[in-house]
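Here's the structure we're looking at; comments come further down.
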Amino acid sequence: MVSNPIDTEVLIVGAGPVGLFLANECARRNLRWRRIEERSSQSEHSKALAIFPRTLEIFDMAGIVAPFLEQANRVTTVAVMIRDRTLAHMKFEPPESPYSFVAMVPQDVTERLLLEELRRKGGNVEYDTKFIAAEQDDYGVNVTIERRGESTEVRAAVVVGCDGAHSTVRHQLNLPFEGAEYQASFLLADVDTNTRLPADEMQLCPSEYGPVAIFPMSATRRRIVATVENVEGDTA
């Protein structure tokens, strides 16, 4: 049996941080790749914030850490507080790492930096393009994608699903979602603040109603996360 010719070595489904990083690595290794994204553009929401030292080390090895260090708010301590009383104060001191801090970088910024780096390498994202189905044989994968209502067949050596918790690729492969959902409900807000709290310190505030965590996004902006006992209104 003669296989159909390969259009691309790696087809990446999804353009979040994982898909963007993988595309950068493919470009760095001169692989033939394509990346598709169902959304019409990158996310504008802050979403995940913390980039830990090991990830920064990997970014360093990939040659892309510099812009993240420029954008990051660096958190070096964690305080456990009740009202105006400090119960514990801990330094973040990971052993044997050149990055002795947690880098606070909103996910939309992370995606922008990875996309800018990818474009410097000559790559880009195919937006408004949806993964529909895939069929694997001994020589590769036949993939059906759809762009603005028009279906196209793509032949890839490898398909990588980087399309999130509700991954269509994962469902196609009948792979279970490992782990479980949180049963608790949370309030999350990014708010402008004054400079009373240190910009390099995260605060954890326990109480009989549940914990509150305050993450410094900058000197004057905080991410606040709290458990909510009775949910009212819209949830997401």
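The values are calculated or read from the model by the stated rules, or taken from the named source; none is laboratory data. Note that the coordinates shown come from a computational prediction; the quantities given were computed from them, not determined experimentally. Here the Cβ positions follow ideal geometry from the backbone for every residue, glycine too, while neighbour counts run over all protein chains shown.
Which one is surrounded by the most Cβ atoms within 10 Å (Cβ to Cβ), of the residues in the range 153-177 that are farther than 12 Å from Val141 by Cβ and without any contact (Cβ under 8 Å) to a residue 12 or more places away in the chain?
Filtering the range 153-177 for residues farther than 12 Å from Val141 by Cβ gives 162-168, 170-171, 174-177.
This time we only want the ones that are without any contact (Cβ under 8 Å) to a residue 12 or more places away in the chain, so: 166, 170-171, 174-176.
Details: His166: 8, Arg170: 16, His171: 12, Asn174: 6, Leu175: 11, Pro176: 6.
Top of the filtered list is Arg170.
Which numbered condition trips up Asp192, out of (1) surrounded by 15 or more Cβ atoms within 10 Å (Cβ to Cβ); (2) touching a residue at least 24 places away in the same chain (Cβ under 8 Å)?
(1)
Where in the range 175-236 are there strands (runs of 3 or more DSSP E), lying wholly inside it, with at least 1 residues that are modelled with pLDDT under 90 and β-branched (Val, Ile, Thr)? Reasoning before the result, please.
Working: elements: 185-192, 201-205, 212-218, 221-228.
The qualifying strands (runs of 3 or more DSSP E) are 221-228.
Here are the criteria: (1) in contact (Cβ under 8 Å) with a residue 60 or more places away in the chain; (2) surrounded by 12 or more Cβ atoms within 10 Å (Cβ to Cβ). Tell me which single one Thr227 does not satisfy.
So Thr227 meets the others, but not (1).
For the range 209-224, give me the residue count where each residue is touching a residue at least 60 places away in the same chain (Cβ under 8 Å) and either within 12 Å of Ser46 (Cβ to Cβ) or in contact with a Cys (Cβ under 7 Å, 6 or more places away or on another chain) (or both).
4
Take Glu153 and decide whether it is assigned by TED's automatic domain parsing to the domain that holds Val13, at pLDDT 95 or above and under 18 Å from the mean Cα position of the chain (by Cα).
Numbers: assigned by TED's automatic domain parsing to the domain that holds Val13: yes; at pLDDT 95 or above: yes; under 18 Å from the mean Cα position of the chain (by Cα): no.
Here the answer is no, as Glu153 does not meet what is asked.
List the residue pairs whose Cβ atoms are under 6 Å apart, where the first residue sits in the range 6-30 and is free of Cβ contacts under 8 Å to residues at least 40 places away in the same chain, the second is acidic (Asp, Glu) and part of a helix (DSSP H, G or I), and the two are 6 or more positions apart or on different chains.
Within 6 Å, no pair qualifies.
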